[in-house]
Amino acid sequence: MAPWLFTERILRGAPIQVFGEGRPRRDFTFVEDCADNIVRLLDRPLATDPDQVEHQVVNVGSDNPVPVATLIDIVERHTGRRAERVLRPLPPGDVGLTAADPTLLEALGGARPHTPLDIGIERFVSWYRQHPQLADAVWQSRDSDAKAIAKPAVASREGAVK
């Protein structure tokens, strides 16, 4: 989500909110690495005894967290534009570090994601620029969602809330 949001806002010249001065560290995984692992794991047994486990949650991540500010720097480099950063305090309950634990992924036959963040962002920005109609649809959807949330509900004559 963050790579899309930052790319979108930087290319449109819109400000981005940066929490905790960009110090919180996050583990970003390129979508193709996720898709490759889903395909790898589709036909694999989830345990040595198939009757033992029906479903399992598997983290697909590299366990290589980077500061959010580094992500923004990389997006700026690949878009060729500077972000308008609006610094905000870290919200209560937010954490300074999140990272995937790929132990189970690897044990089940998956592969630790390997696409470096810089390469993944370069490829994402290129894809984003090649699909402006999709980017516009998402932007407009977010804008209309934001307006709907901000607009107070109004009861009609029939009593339904609009």
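General observations
- In the assembled protein chains, residue 55 presents an accessible area of approximately 150 Å² (probe radius 1.4 Å).
- Per-residue Karplus couplings for the range 83-92, computed as 6.51 cos²θ - 1.76 cosθ + 1.60 with θ equal to phi - 60°, are listed in order as 7, 8, 8, 10, 7, 10, x, 5, x, x Hz, Gly and Pro entered as x.
- Here the contact order of the range 59-112, divided by its residue count and restricted to Cα pairs under 8 Å and six or more residues apart, works out to 63 percent.
- Against the criterion of solvent-accessible heavy-atom surface with a 1.4 angstrom probe, 76, 122 sort, most first, into 122, 76.
- Built amide H within the under 5 Å cut-off of residue 63, gap 5+: 100
The values are calculated or read from the model by the stated rules, or taken from the named source; none is laboratory data. Every value quoted in this text rests on a predicted model; they were computed, and no experiment measured them. Note: accessible area is taken over every heavy atom of the protein model, side chains too, but ligands, DNA and RNA are not part of it. Shrake-Rupley method; radii C 1.70, N 1.55, O 1.52, S 1.80 Å.
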